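Read the structure below first, then the notes.
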Amino acid sequence: MCGRFASATSPDELMRRFGVTVLNNLRPRWNVAPSQTSLVISRNGLHDEATYAAWGLPPSSPGRSCLINARMETVREKPTFRDAFRQSRCLIVASGWYEWSAPKTPWHVQLVDGGVMAMAGLLMYSPAGPRFLVITSPADGGLKKIHHRQPLMVPVGSESVWLGGSADAAAALMVASSADRFNWYRVSSDVGKVTLDHPGLVTPIDADHTPVASDQGDLFG
């Protein structure tokens, strides 16, 4: 399956949480998929700025899939990621993410208060434009029943350290978020269709369904 997340943050929320302004029209996104562009925040000189980047790196060879994430345990050592971790970390603005448990059952995960998430990411540059990867951590608590990985979240108040601090200071922030911070529920299988992008994709269904962990690298493997 392909990875998905939602990014339906308002301009007011961006200003309150990150102190950045989006000058062009900010359209809510309910089904961001790999290779599509989404809103990220990066450090430009002494200032943070919101911009758009494409999710994932193109396949390195025929038959391989798009690379959409990096594990926090190895992000500082792997040649593909280490320079970006040192020089161009970013925040991926999200209102929730989707994950699939077995057998192909989609879930939506959001903060308990429904607020904006700051997923930790890497910003990488190519002739085709900027691209981002999501950094992942081991899943915590009940989230492990859905999948063994989850996005790494940058804590409120630590955004400046993540974007502009040293690599060591940023690494100290790489701690898996407690499952207590989130709630999750089943959603329609329509989220698997990249052509669909509407608020109904986050509508709960069958709240009593018990998840069975997937062994696939769905979203944040």
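The values are calculated or read from the model by the stated rules, or taken from the named source; none is laboratory data. Remember, predicted model here, so these are calculated numbers, not experimental data. Virtual Cβ from ideal backbone geometry, glycine too; neighbours counted across all protein chains shown. Note: accessible area is taken over every heavy atom of the protein model, side chains too, but ligands, DNA and RNA are not part of it. Shrake-Rupley method; radii C 1.70, N 1.55, O 1.52, S 1.80 Å.
List the GluC sites (Glu not before Pro) within segment 43-112 that DSSP assigns to loop and that have no more than 16 neighbouring Cβ atoms inside 10 Å.
Working: sites: 49, 73, 77, 99; in loops: 73, 77.
Listed in order of number, the matching sites are 73, 77.
Quick one: length gained pulling residue 46 to residue 180 fully straight, 0.36 nm per residue minus the C-alpha distance? Write out the running numbers ahead of the final one.
Values: separation 134, 0.36 × 134 = 48.24 nm, distance 3.44 nm.
Net length gain for the segment: 44.8 nm.
Would you mind computing, in nm to one decimal, how far apart the modelled labels at residue 128 and residue 148 are, each placed 7 Å from Cα along Cα→Cβ?
Using points 7 Å along Cα→Cβ, the separation is 3.0 nm.
Per residue, how much accessible surface does the chain expose to a 1.4 Å probe? Answer in Å², no decimals. Write out the running numbers ahead of the final one.
Working: 10410 Å² over 221 residues.
Heavy-atom accessible area per residue stands at 47 Å².
What is the percent carbon and sulfur in the accessible area of the chain, measuring with a 1.4 Å probe over the protein chains and ignoring ligands?
That fraction is 53 percent.
Under a 10 Å cutoff between Cα atoms, tell me which one of 72, 174, 15 has the largest fluctuation in the Gaussian network model of the chain.
Evaluated over the chain, the most mobile residue of the options is 15.
Restricting to Cα pairs below 8 Å that are 6+ residues apart, what does the relative contact order work out to for the chain? Please round to a whole percent.
23
Rank 22, 32, 40 by mean-square fluctuation in a GNM of the chain with C-alpha springs under 10 angstrom and give only the top-ranked residue.
Maximum fluctuation in the GNM of the chain, among the listed residues, is at 22.
Once the piece of chain linking residue 112 and residue 168 is laid out straight, how much longer is it, given 0.36 nm per residue of separation minus the C-alpha distance between them?
17.2 nm
When the chain is fully extended, how far beyond the present Cα-Cα distance does residue 78 get from residue 190, taking 0.36 nm per residue of separation?
Details: separation 112, 0.36 × 112 = 40.32 nm, distance 3.51 nm.
In short, 36.8 nm is gained.
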